[in-house]
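These notes concern the structure reproduced below.
Only the coordinates and a few stated rules stand behind these numbers; no lab work does. All values reported here derive from a predicted model rather than from experimental measurement. Heads up, the Cβs are rebuilt from the backbone with ideal geometry, glycines too, and the neighbour counts pull from every protein chain shown.
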Amino acid sequence: MKKIKVAVNGYGVIGKRVADAVVLQDDMELAGVCDVVSDWRIRVAEKKNYPVFAFNNDFKKQMTNSGVNAIGNLDDLIDTADIIIDCTPKKIASKNIEKYKKANIKFIVQGGEKHEITGHSFSAENNYATAIGLESTRVVSCNTTSIIRTLTALKKAGLLRKARGTLLRRATDPWESHLGGIMNTLVPEPEIPSHQGPDAQTVDNELDVITAAVKVPETLSHLHYWNVQLTRKASKEEVIAAFKESTRISMINYADGLSSNNTIKELMLAMGRPYGDMYEVALW
Ligand SMILES: NC(=O)c1ccc[n+]([C@@H]2O[C@H](COP(=O)([O-])OP(=O)(O)OC[C@H]3O[C@@H](n4cnc5c(N)ncnc54)[C@H](O)[C@@H]3O)[C@@H](O)[C@H]2O)c1
């Protein structure tokens, strides 16, 4: 079987997870990872034997000077790959798009980029089939993914009329909490709807969803509260059964001692999940 050669541009929070996921697939091969840093962050990629590339020759020189074996630049990486997953920070990917299009390589961007960049926003349980054959797509953010998964489960069961959610958003990524992030305060987003509701509609424009969001002083995860109007009277068991149909939702029971996001995080670490990540939406 010919393996699809996948390139990852931006080896940060998302990129390193994408690269690790690619090497686990039988039908994919990691063509390489590309970044601009020369420190411990890219050394981890080297340690994992991932081919390392630099954004351009200046960054390649910096990597070489730091003892990192950079094989080439982004153009070289594109030349060796069938598809590129851009995991650079918000708004940087949009500048790479012309390069990808010119090279005639399929590409995927992340939730920090605008829907219009690809014209398709992706969440597997909702619209996998609509991505087949496309030249590009955008994987929506973690908050939007959670919204899509939970509301899609209710929609598939014919139960969803409309949903109104309040999102408690973590202040920053844990590894960057020495650099910033709010402390001892709560920061409501000034606009309602916050962007996540409309973003969910880029995946599924049938969803009647409105969100409000507040930034909270912790880094472990986000937490959502939802008020959902159903299409008809349904029992608790029926609603739970609808959520259980999703493989990407995990029902959490208070009685198991899982009463907070730090206990969930500890459970994921205890289970040996890489980075202590929870792949599913934890639903109490
Ligand atoms: N962090 C999250 O929890 C999260 C969740 C969902 C979606 N996203 C989205 O994923 C995308 C990436 O976010 P992240 O959190 O992984 O960012 P990050 O800052 O952790 O990682 C970005 C990486 O790209 C590198 N980079 C910067 N400029 C570059 C360039 N010109 N060429 C190559 N590499 C470059 C950085 O050095 C860094 O290693 C964003 O669109 C973000 O909105 C992030």
What does the charge count around P274 come to, taking other residues whose C-beta lies under 12 Å from its C-beta (Lys +1, Arg +1, Asp -1, Glu -1)? +2
Rounded to two decimal places and with Rh computed the Kirkwood way over Cα pairs, what is Rg over Rh for region 1-124? 0.95
With charges set only on the Cβ (+1 for Lys and Arg, -1 for Asp and Glu), what does the dipole of the chain come to about its Cα centre, in debye to the nearest 20? 260 debye
Excluding F53 itself, what net charge comes from residues whose Cβ is under 10 Å from its Cβ, given Lys and Arg +1 and Asp and Glu -1? -2
Rounded to two decimals, the Rg over Rh value of the chain from Cα coordinates and the Kirkwood Rh reads 0.98
Could you tell me which residue out of V209, G276, S66 lies farthest along the dipole of the chain toward its positive end? Charges go on the beta carbon: Lys and Arg +1, Asp and Glu -1, centred on the Cα centre. V209
Which FRET efficiency value, to the nearest 0.05, do you get for K102 and D20 by plugging their Cβ-Cβ distance into 1/(1 + (r/R0)^6) with R0 = 41 Å? 0.90
Given the options L74, L179, L267, state which has the largest fluctuation in a GNM of the chain using a 10 Å cut-off (strictly under) for Cα springs. L179
Note down the magnitude of the dipole of region 176-245 about its Cα centre, charges +1 on Lys and Arg C-beta and -1 on Asp and Glu C-beta and zero elsewhere, to the nearest 20 debye. 300 debye
Debye log10 I(q)/I(0) at q = 0.09, 0.14, 0.15, 0.22 Å⁻¹ for region 165-284, Cα point scatterers: -0.31, -0.78, -0.89, -1.44
Go ahead and run the numbers for FRET between Y128 and H178, Cβ-Cβ distance against an R0 of 51 Å, rounding to 0.05. 0.85
What does the net charge come to around E189 if you take all other residues with beta carbon closer than 14 Å to its beta carbon, with K and R at +1 and D and E at -1? +1
About its Cα centre, what dipole magnitude does region 142-283 give when the only charges are +1 on Lys and Arg Cβ and -1 on Asp and Glu Cβ, stated in debye to the nearest 20? 460 debye
